[in-house]
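All remarks here apply to the structure that follows.
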Ligand SMILES: [Zn+2]
């Protein structure tokens with residue numbers, strides 16, 4: 001993807017640029033103070049000492065104000081050049097696509113979070129083996145996506161807030177997640193710090209209960225969805241990349257500068273779709289404006 005390459009605060013060149021900008025300002029301010037002070041001394045040789053002292057005080061205060069201005073400009077520049085954060089999240093594993101996703105993200109060395117369905121871990125020895133592999137991998141993050149995934153009967157599930165909390169707790173106890181981040185099954189809901197979003201209002205009480213139980217709930221800004229019959233990703237790589245760029249540029253994500261992408265392990269069962277994922281990751285990585293962050297580091301998520 002050919003995006004404009006804004007200066008990167010993490011690059012040595014940018015730091016040199018900021019340093020080289022601040023240093024002449026400092027030199028200028030110091031020189032100004034000395035010149036003003038000297039002029040004051042010459043002009044006011046006959047002045048009272050108190051008046052000369054006042055000139056010096058005024059000059060120093062002016063220098064201080066200019067330094068504060070220079071600091072503000074540096075801070076604004078730093079903020080403007082901060083990298084945009086992308087949270088790649090893969091839901092519903094472990095299943096047939098999970099290892100493919102794991103291998104792809106390891107190959108490309110990008111940080112991702114898998115939102116795990118507890119029941120899927122225990123559905124078969126093969127899925128349990130995948131879970132063990134995920135659990136042993138310190139380069140990824142594992143988050144709670146409920147135990148039953150509502151058995152895909154969402155209305156019934158969300159009508160029982162206590163049952164929903166118990167479902168998340170069961171997954172937490174059995175799988176021992178090392179963070180508080182969860183995702184509601186079948187709902188794009190948020191309860192992180194001041195972000196409170198409920199997509200389907202009938203589910204509000206249950207979602208609030210999960211949050212009150214100590215979980216931070218992450219929804220998503222954009223979904224890379226898939227065809228539930230063929231399991232093929234239903235959006236071309238170029239289109240999903242363009243949507244990501246547009247949202248970040250327009251500042252329309254839940255938190256400006258931070259974008260959460262939802263994808264599903266199941267969509268990457270076949271080799272051709274795995275290649276699509278690899279292409280996608282390569283393109284994102286190639287943009288120096290972006291960096292990949294795990295869900296537990298999202299702004300406002302409570303520490304563990
Ligand atoms: Zn799900």
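Tell me whether segment 84-297 comes out rounded, prolate or oblate; compute the Cα gyration tensor, take square roots of the eigenvalues as a ≥ b ≥ c, and use a/c under 1.5 as the rounded threshold. The shape class here is oblate.
The peptide list 63-71, 286-294, put in order of mean Cβ contacts within 10 Å with the highest first, becomes 286-294, 63-71. Here the residues 198, 230, ranked from fewest to most Cβ neighbours within 10 Å of their Cβ, fall in the order 230, 198. Potential lengthening of the chain between residue 197 and residue 250 amounts to 17.1 nm, from the contour at 0.36 nm per residue minus the alpha-carbon distance.
Taken together, the values in this text are just the output of simple stated rules run on the coordinates, not laboratory data. Note that this is a predicted model, so its numbers are computed, not measured. Using ideal geometry, Cβ is built from the backbone for each residue, glycine included, and neighbour counts are taken over all protein chains shown.
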